[in-house]
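As structure tokens, the structure follows; a few thoughts come after it.
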Amino acid sequence: MTLSQPIGAVMVAGGGIAGIQAALDLANSGYKVYLVEQDAAIGGVMAMLDKTFPTNDCAMCIMSPKLVEVGRHPNIDILTMTDIQAIDGVKGDFSVTLRRRPRYVDPDKCIACGLCAEKCPKKVSDSFNQGLIMRKAAYVLYPQAVPLKYLIDADNCIYLQKGKCGVCANVCPAGAVRLNDREATQTLTVGAVILAPGFQPFNPTGQDHLSYGAHPDVMTSLEFERILSASGPFGGHLMRPSDRREPRRIAWLQCIGSRDQNRCDHFYCSAVCCMYAIKQAIIAKEHADHPLDCSIFFMDMRTHGKGFEDCYNEARHKHGVRFVRSRVHTVVPDQQSRQLALRYADESGHIQEEHFDLVILSVGLQTAVEQRRWACSLGIALGEGGFCRIDDFAPTAASRDGIYVCGAFAGPKDIPQSVIEAGSAALCAGADLSEARNSLTVHGALPPERDMRGEPPRVGVFVCHCGINIGGVVDVPAVRHYAATLQEVAYVADNLYSCSQDTQNIITAKIRAENLNRIVVAACSPKTHEPLFQETLAAAGLNKYLLEFVNIRNQNSWVHMQDPARATAKAKDLVRMAVAKALRLAPLKEEKLEIAPKAMIIGGGVSGMAAALAFSRQGFPAVIVERDGALGGQARHLFRTAKGDNVQDRLAQIIRQVADDPRITVHLNSELYRVEGFVGNFKSILTAGGRQTVVEHGVTVIASGARELQPQEYLFGQDPRVMTGLELDRRLREDDAAVAQARTAVFIQCVGSREPERPYCSRICCTHAVVSALHLKECNPDMQVFILYRDIRTYGERESLYQQARQKGVIFLRYDRERKPVVNATAEALEITVEDHVLRRPVTLRADLLTLAAAIVPYRDETLAQFFKVPMNADGFFVEAHVKLNPCAFATDGVFLCGLAHYPKPIDEAIAQAQAAASAATVLLSRKTILTSGTTAQVDPRLCAGCGVCVALCPYNAPALKGDGPFAGKAEVNPALCKGCGLCVASCRSGALRLLGFDDAQIMAMIEAA
């Protein structure tokens, strides 16, 4: 390493989902990672959640594979119980001083047997379970913790406080307890730093009007999350803490610790509370054994994310969740009824009182006081709300060069946006260190694959409880006992959480000890978990395809939750069928393919250009394909960002950077004509002016953008005084005198959005309208400005803009979709009539300007979707691989997604997603070679008739008729293109095709076993 070369290591501070994702992106791209976590295990707040919105996936089910991946990764060192003391140095060469607090248990010796906790006599409040139950002074943070190592609570340990007891050390069979453990200091040398310390839930203690702390049935949303959780204090059974009885009426109170400068000085919206309250209400109704009345008291319903509005509508119309627009004044315990009385003013101004069994306070997100001090000591600038100050065009860069931020530390946000920012931060950190890629990494060595030839089948069956997700419905021990009776089953076990790190290690050990050569796992969905268990088989020396996965959660406990007996019987059937197939499984091979080290980006808007620049900074060439004659996309029409940046000035800088970058090639006025190939080896043909250009590339990023709807209402297109938001931006850029001199300006929100034909929220419109209104007030303080809205959705720190607008005299009038504003034109003015929600009567506004917040609509480019075999949703936006944990990639390997093509979003979020998509793609490009799947179709040329039906039917163009050789005219399948869908096998009339891993004999065995 020369002195000028940066250090190829990164420290990631914070082991929540953002820190985990950043660490994985970097480690998989060729960098050494130190993942520093203050707590005893990684996982953060997501590990405490029961389900995640809007899909209601089990939080731990989707997170656990990532926890295990981090724990296994040879290039990630997890440093728990560790605080950052100082960061010295400069970008490329930082010296980080760490303080490791004593654990009192040697993690290298601890076998997580739990004997220390079992024998420990001291019980204390369990902070992970929000104090709802007790734990021992010797404990593990949570059942699926990584690392799964015990620790001793020094503040409550009898020996450490009084010098007595010490039973934990006496009973530990591994001699892991070390009661003389001491604090230690460690210094790391890294090239970049990513800060992802997460957030602290707002503590409503002291808000006496809500009775929190005074009554056990008034609880925070995170406390209620633990009640719902399968691993929580009540095993996922819905009950109130005071008497352990099931509630019949539950109320959620929104904006506790958010949008409140009187009681907590938190001006901002916490961005997640509306959706998690909806999620909790739906899940609570599913958990209840009787009809449950759920009411959510709110000010504005901020369901502004992808799929959020659908979830909101479903809660109202399908699940019967009641929404009350009011901020509750007081919560008072009723001693006689043993309920909680809520007093509030309804929309008509009348005081109401209702009684509930349980009250949930939807608490906001905040930066902890110690984190603020810590950030300031490290030279990190914070904003007014206490979150890290960032730039709209560099959304994860901290104020100190070489240090990046992601997750809630950069502002309140949900899991998908945190994961996106993690990818963005990883990309930027990796770009700083690209010269040092692979300089400090090691390659994890797997044991040689066992030769099974001549071995009789020995099947191992592992059945998962998944807390109560499965075990609460299916009789898992009964399924285990039944599996033990099946032919050739040599070993059976049931596990509380099969996907946890300790169980994965147990499975590896049992495969070796019991000489197992086929494995059946009955657990969650193979979509999220099969790769994890395949890696476990490989670690034990088995071919990874000797695994049969049974989904007894989605296909059983979830759909038959009201009939445990039949669910158990079905689980036995599924396990029996899986064992029958497993007996006939054979090892499969994966082919190695080289990767073309180039990226192609479809779309030259802000997100497309950001992706191209990101690839270039990582050292990879990029090609931008843009249908228009200029770069910039929709940003060419914008005036200002939410933070006041001049968009055109910043856009010009980006375009200049792209033009000056020798690694970036731009094709304007160009469109895709044809796409061939597969991940790592795409061949795209572009057309421009009748000429064709061939581009060979390893990955593709779709950043094709979206457009503003041209409204069909409110006299748009009929009167020049009626315009869309982008048209107003154009006139503001041009200093249009008619705009500046207007006496009255009106904005109408949700024009084309949140309608039956477009049920989604366009996310950016409320902020854009408020920013425009503020600018109009700057131009002419005497101008009257009205914003007619359904819900104001200035989420996160954008809430300050809403407050500024109200302070400057902008008037907000709410309307319902059933009673939209009515616009009439006269020569003198536009007359806009709307029902005032306060006065409860119609008012007429005489306006000189009317701006319509028109919906953002996708291009619905079905040709593009067909080229790359990627899906679109009903609204026409592209569908990501996983809404929570993979929001920048498609299920199609090598194809990634960002910007408005994914969903409406502001510039900062579009750039972050572009960088995250590039980060995920860089993981592939940095490998140089990839492996194909072993589950592919195979042709027996002796049986093939050469009819070409498989060639015509395959959506991935995997089969082709050979042009020469002894089998000319016969079909041949390219394993790199094949996705294992089986369509060709089903269509082959001569039986020449077989799908490896799904042979006829295997399928028939399952059918016969059924």
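Rule-based calculations on the coordinates, nothing more; no lab input. All values derive from a computational prediction rather than experimental measurement. Positions of Cβ are generated from backbone atoms using ideal geometry, with glycine treated the same way; all protein chains shown enter the neighbour counts.
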* Which whole-number percent gives the relative contact order of the range 113-174, counting Cα pairs below 8 Å spaced six or more residues apart? -> 34
* Which of 299, 60 has the fewest Cβ neighbours within 10 Å, and the rest in rising order -> 299, 60
* To do: Give the peptides 232-245, 958-971 in descending order of average Cβ contacts within 10 Å, highest first.
  => 232-245, 958-971
* Three principal axis lengths of the range 709-857 [C-alpha, angstrom, descending] -> 38, 38, 34
* Asked: Can you list the residues of the range 400-429 with backbone N under 16 Å from a point 7 Å past the Cα of residue 368, pointing along Cα to Cβ?
  -> 408-410
* Structure fact -> Here the FRET efficiency for residue 117 versus residue 527, based on Cβ atoms and R0 = 25 Å and rounded to 0.05, is 0.15
* Structure fact -> Note: the chain at 25 °C, 0.890 mPa s; Kirkwood Rh on alpha carbon pairs; Stokes-Einstein D in µm²/s works out to 80
* Which whole-angstrom value gives the distance between the alpha carbon centres of the range 272-322 and the range 521-547? -> 35
* Structure fact -> For the range 863-1010, the Cα gyration tensor yields equivalent-ellipsoid semi-axes (√(5λ), largest first, whole Å) of 36, 18, 15
* For residue 506 and residue 263, compute 0.36 nm times the residue count separating them, minus their Cα-Cα distance, and round to one decimal in nm. => 82.4 nm
* Taking 0.36 nm per intervening residue step and subtracting the Cα-Cα distance, what contour gain separates residue 485 from residue 862 on full extension? -> 130.6 nm
* To do: Give me the lysines in straight-line cross-link reach of residue 119: C-alpha distance below 17 Å, same-chain residues under 8 apart excluded.
  => 136, 149, 164
* How fast does the range 373-440 diffuse by Stokes-Einstein, in µm²/s, taking the Kirkwood radius from C-alpha pairs at 25 °C and 0.890 mPa s? -> 194
* Determine by what factor the alpha-carbon radius of gyration of the range 113-174 differs from 2.2 N^0.38 Å, reporting the quotient. => 1.08
* To do: Mind pulling up the Rg/Rh value for the range 202-361? Radius of gyration and Kirkwood radius, both on Cα.
  => 0.93
* Given 10 °C and 1.306 mPa s, how large is the Stokes-Einstein diffusion coefficient of the range 459-582 in µm²/s, with Rh as the Kirkwood radius over Cα pairs? -> 114
* Of the DSSP beta bridges with both residues in the range 709-857, give the percent that are antiparallel, rounding to the nearest 5. => 40
* Asked: Gap in Å between the Cα centre of the range 72-124 and the Cα centre of the range 745-802?
  -> 47
* For the range 1-90, what ratio Rg/Rh do Cα atoms give with a Kirkwood hydrodynamic radius? -> 1.05
* Would you pull out the residues with amide H under 5 Å of residue 624's amide H, same chain only if 5 or more places away, H placed 1.01 Å from N? => 601, 665, 666, 667
* Taking the range 329-459, how much of its Cα-Cα pair set, in percent, is spaced more than 17 angstrom apart? -> 75
* To do: Would you mind giving the three semi-axes, in whole Å and largest first, of the ellipsoid equivalent to the range 538-586 according to its Cα gyration tensor?
  => 27, 12, 7
* Structure fact -> The local net charge around residue 510, scoring Lys/Arg +1 and Asp/Glu -1 for residues other than residue 510 whose Cβ lies under 15 Å from its Cβ, equals +2
* Structure fact -> Here the gain from full extension of residue 55 to residue 124, 0.36 nm per residue of separation minus their alpha-carbon distance, amounts to 21.3 nm
* Structure fact -> Place a point 7 Å from the Cα of residue 310 in the direction of its beta carbon; the residues of the range 862-896 whose amide N falls under 14 Å from it are 871-884
* Go ahead and run the numbers for FRET between residue 839 and residue 740, Cβ-Cβ distance against an R0 of 30 Å, rounding to 0.05. => 0.45
* Structure fact -> Placing one equal point scatterer on each C-alpha of the range 559-603 and summing with Debye, one gets log10 I(q)/I(0) at q = 0.15, 0.21, 0.25 Å⁻¹ equal to -0.64, -0.83, -0.95
* **For the chain, share of DSSP beta bridges that run antiparallel, in % to the nearest 5** => 50
* **For the range 937-1009, convex hull volume per residue from C-alpha positions, Å³** => 86
* **Ordering of 250-258, 385-393 by burial proxy (mean other Cβ atoms within 10 Å per residue, highest first)** => 250-258, 385-393
* Asked: In whole Å, what three semi-axes, largest first, describe the equivalent ellipsoid of the range 219-307 built from its Cα gyration tensor (square root of 5 times each eigenvalue)?
  -> 25, 15, 12
* For the range 464-514 versus the range 919-952, the gap between their alpha-carbon centres in whole angstrom -> 33
